[in-house]
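Novice: Questions regarding the structure given below will be posed in turn.
Rule-based calculations on the coordinates, nothing more; no lab input. These numbers come from a predicted model, not from an experiment. In this analysis, Cβ positions are derived from the backbone assuming ideal geometry, glycine residues included, and neighbour counts consider all displayed protein chains.
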Amino acid sequence: MGETVLEKVEEIGRKLDELRGFLEDVFLTAEECVLLKEVDEKIEKKRFNELKSLDEV
């Protein structure tokens, strides 16, 4: 049962990644995509001290 739940969680993760890719392609400019990827990387690596307020950008 635990493996089935893990498989479903991974499937949901893949679908969210696909949806995010679609939304980036449709709604974000190239610059916004780059900024979003940088933020994701910093959050993934828990480098919160490197994030800036939108007012500073």
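Novice: Quote the FRET efficiency, to the nearest 0.05, computed for residue 45 versus residue 8 with a Förster distance R0 of 22 Å and r equal to the Cβ-Cβ distance. Provide the component values of the computation, followed by the final result.
Specialist: Numbers: r = 27 Å, r/R0 = 1.21.
Given R0 = 22 Å and the Cβ-Cβ separation, E is 0.25.
Novice: Which of 38, 11, 24 moves most in a GNM of the chain, Cα contacts under 10 Å?
Specialist: Highest fluctuation among the options: 11.
Novice: Please state the equivalent ellipsoid semi-axes for the chain: what are the square roots of 5 times the Cα gyration tensor eigenvalues, largest first, in whole Å?
Specialist: 28, 17, 6
Novice: Here is a follow-up. Eight or more residues apart or on different chains, and alpha-carbon atoms under 19 Å: count the Lys pairs in the chain matching that.
Specialist: Lysine pairs meeting the criterion: 5.
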